[in-house]
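Inspection log for the structure reproduced underneath, given as structure tokens.
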Amino acid sequence: MYDLLVILIPVFPLLAVLINGLAGHRYSHHVAYRLACGSVGLSFLCSVAVFATTLRTGITREVVAYTWIFGGDLVVNLAFLIDPLTCVMLLVVTGVGLLIHLYSIGYMHGEEGFTRFFTYMNLFMVSMLLLVMGNNYLVLFIGWEGVGLCSYLLIGYYYDRVSAAKAATKAFVMNRIGDAGFLLAIFLVFVNFGTLDYTEVFARAGELSTATATAIALCLLIGAVGKSAQVPLYTWLPDAMEGPTPVSALIHAATMVTAGVYMIVRNHAIFDMAPVAMTTVAWVGGITALFAATIGLVQNDIKRVLAYSTVSQLGYMFLACGIGAYTAAIFHLMTHAFFKALLFLAAGSVIHALSGEQDIRKMGGLKARIPMTHALFLVGTLAIAGIFPLAGFWSKDEIMAHAFTHGHYALYAMAVLGALLTSFYMFRLTYLTFYGQSRVEPHVAGHIHESPGIMIKPLLVLAVLSVIGGFPGVPPEEGWFHHFLDPVTVGVLSGAAHQGATHPIVLLMVVATVIALAGWGLAHFLYSARPEAASQWAARAPAAYRTLFNKYYIDEAYDAAFVEPAKRVGRIWDWFDRTVIDGLVRGVGGMTQGGSALSTWMEKYIIYGSINVLGYANHLTARSWRRLQTGMVHHYAAIIVAGLFILLHLILLW
Amino acid sequence: MTLPLGDLVAIIPELIVATVACLVLVLDPITPPSRTHWLAWLSVASLVACFGITVSRMDATVTAFSDLMILDPYAGYWKLLLYVVTALTILLSLAYLRVERIHLGEYYGLILLSLAGMMIMVSAADLLVIYLGTELMSLSLYVLAGFKRFEVRSLEASAKYFVLGSFSSGILLYGISLLFGVAGSTRLSAIAAAVGTHGLDDPALLFAMILLVVGFGFKIAVVPFHMWTPDVYEGSPTSVTAFMAVASKAASFAAFLRVFLEGLGGLREKWYALFLVICVATLILGNVVAIVQTNIKRMLAYSSIAHAGYALIGVVVAGQAAADNETRALGLSSVMLYLAMYAFMTFGAFAVVALLRKGGLEGEEIEDFTGLAKRQPLAALLMLVFMVSLAGIPPTAGFIGKLYVFMAAVNAGLTWLAVVAVLLTAVSAYYYLRVVMVMYMREPDPSAGLVSRLTTSPALTLVLASAFAGVILLGLFPDPLVSITTSAVLPFK
């Protein structure tokens, strides 16, 4: 019964995918979205039941759906692992997923390809559930690739925009670079353990040498960096905002992008063996948290600001992993899912109200027009900025406190600075969107309307969660959440976690609050009290402003460093394959002549071949004759001979 | 002289295929044009019969014609794969030839003759017999490549293929004659013995080996002997391209592996390095040049070059001098598995290209796929699956094939090679996904018109359904095929 319950979690959305995908065109949209949302709802109910069981019994269970053998040494099952970590992820994925599905009914209403949208979304749910439920690396990888593919399809959903298609491809290829690292990690795990099952691998992780553990951990990190948009593979996430807003909320904020964090926490047994890798994780996270926050300061697209803030918040989670605060990382993952989904969906509500406008320079003064959306957005802002006692405060503070009490002062400083910037740009966004003079374009201004109930109600739930979502983790490091998760996440490094005295933690909370309020105050000063000051500040440091505005020119640098050279090389080789240069042929000719007996034979053969062509080509038209006579065939033959000579040299010189 | 009855019984499948090929040629002139599809179904029926016979003989190892032919599980495995691909080719051609207005009955005869050549290649234990099989296969393919008689590109492809093919055959033959000079026989077993007595540094042996590398390198289209591939694949009728890209490549791999592992196994210390270089060069060039292609058949040609590179990884593993037999066997079985996976996804992709041609489109430029998801959602979905599989994304066959090959490499201590290959797989996502992007993320050109249903025939449906099922089922349940390949590997000595 319990096993069936577990298996049904991904099966419900899978059924919806199959039905909507195959027969979706036969019935109306109403059936399609009921099916899609209903299936996710059922998954959520199953997840709650599974969670309740785990909570009650505290037992980690493995459920084998079917055996997916590889023959030889390798046996892989399509099997699920149900432990506290999986339970938390299940609740986040299905719970937030359900709310976003419901919201989409309203948001996507009247869009072309409504059924297609829900099919992709459900397919995403299936993949994401496999990702968090799998009990071995291969199931994880299948989910991992599946969410990438769905993300790709959904970013490119608005296919009348060229930029959407480009963003989709960019996201996918960048993810594939990360996946390459992940795949290598899987190979290394298999070579070292002879199995891909978590239970056995983690039980025997202690046998690894530091070097091997470091290699595996770094390869895993590459995968995580790609999926979770960390430096240096983060540039795809802001572009991914080309997708519909519910997609940004579900995939590019709440669930898929956190997969990297989940994967690191899941593999903490290996990371614990590799201090170098841990330090790398922490610094990748710290740098990303700060770096993305600086870019977020000056962006003008409401969704892009949120995207950079997602990158930055994911950086906090990585930082937490890197310093061994795995529970804190998952805690922040959960609260972030609440408030970031809330922010994105509220932003979607703004965009909806403004007939698609996303530029905050063309907003302002919306508080009076859409008060409900304003209130919800404000709750999200307060939560992410870390204002006491909302969810973001507890989880972010815990990460910063952990860094401080464990002596990572540089990382702590980066995190604090990042928090200041976060608070600042989020309140900047709020002020520019909802306060001050309206800068809405006249033809849009008339249509401003509050979103329908189906969009607002899920937001209310998320807002409540953003307010109270931090309480399970109170008091810090001793809360209910920690007691639930610690059996899974306590590692070698976090073993020393509970030595911190109480009063610095309280002091650190005060610091965090002051920082958050300072960011708020600064934003208030620049964008509400003295609106002209902001542009004056920007004008005073034009170079710095432009660098930030252009995102440090990283996209351009990547294009110049990787994309263009690859294409150029491809084009050169393509040209080479089509028309081989005369010089080379002459060179090969010289070489063949030098080769005495062999070359004589070869030339004979070429001539013999050409005579055959003459005979055969009687039927050819004049045009093809000409092309043949340019000697292309001859050239190709020369290349074959050149290849032969190269091989000869290789053997002789080896 | 008595008829070698036992030997003839051993090659019954070859005899059936060759006989039906001749029968088709004879029946064609007396069959009314409206009934030519009967010939196709006759051919398919003969393949089904052969499939049954080969399956029933899978476990035994028999030699025939005083050791010229060997019928072992290894040959059986390849033959089964070849029957399937040939049957799919014939079914695809049924619909495709009508669109291209090719009404020549000898088409099916030539396909079957080519298959007969391939079957001889995979079960030959003698270099001359292998050569014979190669020539039978190739000569039929030269003619098939030029079957669109009214199109310049097709004729050009045929002529180029013929000239270069004969050239490479000449090199192959030269290598064979050198080996004969050294060993006094063209039997693989005799050559293996001669390698043992002559040692590694005999220049004639080494030179002969290199000539064989070039000859076979041309057939399996690896760098730098790949240059004919894009031109020939682009110009040939699409059904023939699919046949060449899949069947001829598989048969050539089969023969080449047998020659190098059984005949020249003693020299593997030498050829291992050559294949390593060729493998890396093929992987890089195939994947990078595919990026800039605008014609889908050229793109798939470079993709097939790249896939030969992936398969070569398994060859390199099987050729490791230091590795134990189990590791090497894993390498060989990974090649066998990979080519089967490759067969379904590549054939599927070419079948969709052929199908679009049927839909009245030109269908050969990638741009022609613009907005296909709206015009023909089913065709677009199939192409999506094939592209995803070619890019090696789970849960498709392409992923399992790659996983297996890379595992074999890592298992043999060639982690760096796996790293290179995995990175290039990331590159390949770019050009495969471009097709998906064009299909799913662009508005269809209004002038192209909306075609709501696939205009399709039962045969074409069968082809696409088989390729699709192969890609998905082998991805989800690879186990049966894996156990077949592991039991069908060549015995390592």
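Observations on the structure shown:
- The distance from the alpha carbon centre of the range A:505-524 to that of the range B:187-256 is 71 Å, rounded to a whole number.
- Between B:Ser177 and B:Ala465, the contour length at 0.36 nm per residue exceeds the alpha carbon distance by 99.1 nm.
- The range B:62-175: C-alpha gyration tensor shape, a/c 1.5 cut-off, then a/b vs b/c: oblate
- Counting only other chain Cβ atoms within 10 Å of each residue's Cβ, the peptide B:156-168 averages 6.
- With Cα atoms as the point set, chain A shows a radius of gyration and Dmax of 28.8, 96 Å.
- Sum of -39500 (n - 2.57) over DSSP H runs of 4+, divided by residues of chain A (222 nm, nearest 500): -24000 deg cm²/dmol
- Length released on extending from B:Asn295 to B:Leu132, taking residue separation times 0.36 nm less the Cα-Cα span: 55.3 nm
- Average partner coverage of B:424-430, which counts Cβ from other chains inside 10 Å: 6
- Shape category assigned to the range B:1-134 from the gyration tensor of Cα positions, a/c cut at 1.5: prolate
- Dimensionless Rg over Rh [the protein assembly as shown; C-alpha; Kirkwood]: 1.01
- Spatially proximal lysines relative to B:Lys160 (Cα-Cα < 25 Å; intrachain offsets below 8 disregarded): A:Lys604, B:Lys148, B:Lys219, B:Lys249, B:Lys297
- Put the Cα centre of the range B:273-323 next to the Cα centre of the range A:318-396 and the gap is 48 Å.
- Within the range B:190-216, backbone nitrogen closer than 18 Å to the virtual label 7 Å beyond the Cα of B:Glu269 toward Cβ: B:192-210
- Inter-site label distance for A:Val162 and A:Asp359 at 7 Å from Cα along Cβ, in nm: 1.9 nm
- Among the residues of B:478-485, the average count of other protein chain beta-carbon atoms within 10 Å of the residue beta-carbon is 3.
- Under 12 Å of direct C-alpha separation, and excluding same-chain neighbours fewer than eight residues apart, A:Lys367 reaches these aspartates and glutamates: A:Glu450.
- Sorting B:77-88, A:289-300, B:141-152 by average packing, meaning the other beta carbons within 10 Å per residue, from highest down gives B:77-88, A:289-300, B:141-152.
- Dividing the mean sequence gap of close Cα pairs (under 8 Å, 6+ apart) by how many residues the range B:268-493 holds gives a relative contact order of 27 percent.
- The B:Ala321 and A:Glu200 beta-carbon pair, evaluated with R₀ = 35 Å, returns a calculated FRET efficiency of approximately 0.60.
- Diagonalising the gyration tensor over the Cα atoms of the range B:268-493 and scaling each eigenvalue by 5 before taking the square root yields semi-axes of 35, 19, 12 Å, largest first.
- Folded to 0 to 90 degrees: helix A:582-594 orientation relative to chain A principal axis, Cα: 50 degrees
- Between A:Arg56 and A:Thr547, the simple spin-label model (points 7 angstrom out along Cα→Cβ) gives 6.0 nm.
- Using alpha-carbon coordinates, inclination of helix A:480-489 to the longest axis of chain A, degrees: 30 degrees
- Highest average first, the peptides A:148-157, A:510-519 ordered by how many other beta carbon atoms sit within 10 Å of their residues are A:148-157, A:510-519.
- Between helix B:73-100 and chain B there is an angle of about 30 degrees, using the helix long axis and the longest principal axis of the Cα atoms.
- FRET efficiency, 1/(1 + (r/R0)^6) with R0 41 Å, evaluated for A:Leu4 and A:Phe471 via beta carbons: 0.80
- Taking the Cα centre of the protein assembly as shown as origin and assigning +1 to Lys and Arg Cβ atoms and -1 to Asp and Glu Cβ atoms, the resulting dipole is close to 2140 debye.
- Averaging the sequence gap over all C-alpha pairs within less than 8 Å and six or more residues apart, then dividing by the number of residues, gives chain B a relative contact order of 15 percent.
- Inter-site label distance for B:Arg149 and A:Glu450 at 7 Å from Cα along Cβ, in nm: 7.8 nm
- Computed from phi, the 3J(HN,Hα) profile of the range A:347-359 under the Karplus parametrisation 6.51, -1.76, 1.60 (θ = phi - 60°) reads 4, x, 5, 4, 4, 4, 5, 9, 6, x, 6, 10, 8 Hz, with x in place of Gly and Pro.
- Cβ-based exposure ranking for B:Arg268, A:Arg204, in which fewest neighbours within 10 Å come first: A:Arg204, B:Arg268
- Computed helical MRE - 222 nm, chain B, DSSP H runs ≥ 4 contributing -39500 (n - 2.57), nearest 500: -25000 deg cm²/dmol
- Shape of the range A:136-190, Cα gyration tensor, a/c cut at 1.5: oblate
We did not get these values from a lab; they are worked out from the coordinates using the rules stated. Note that the structure is predicted; figures quoted are calculated from it, not measured. Don't worry about glycine lacking a Cβ; one is built from the backbone with ideal geometry, like all the others, and counts go over all protein chains shown.
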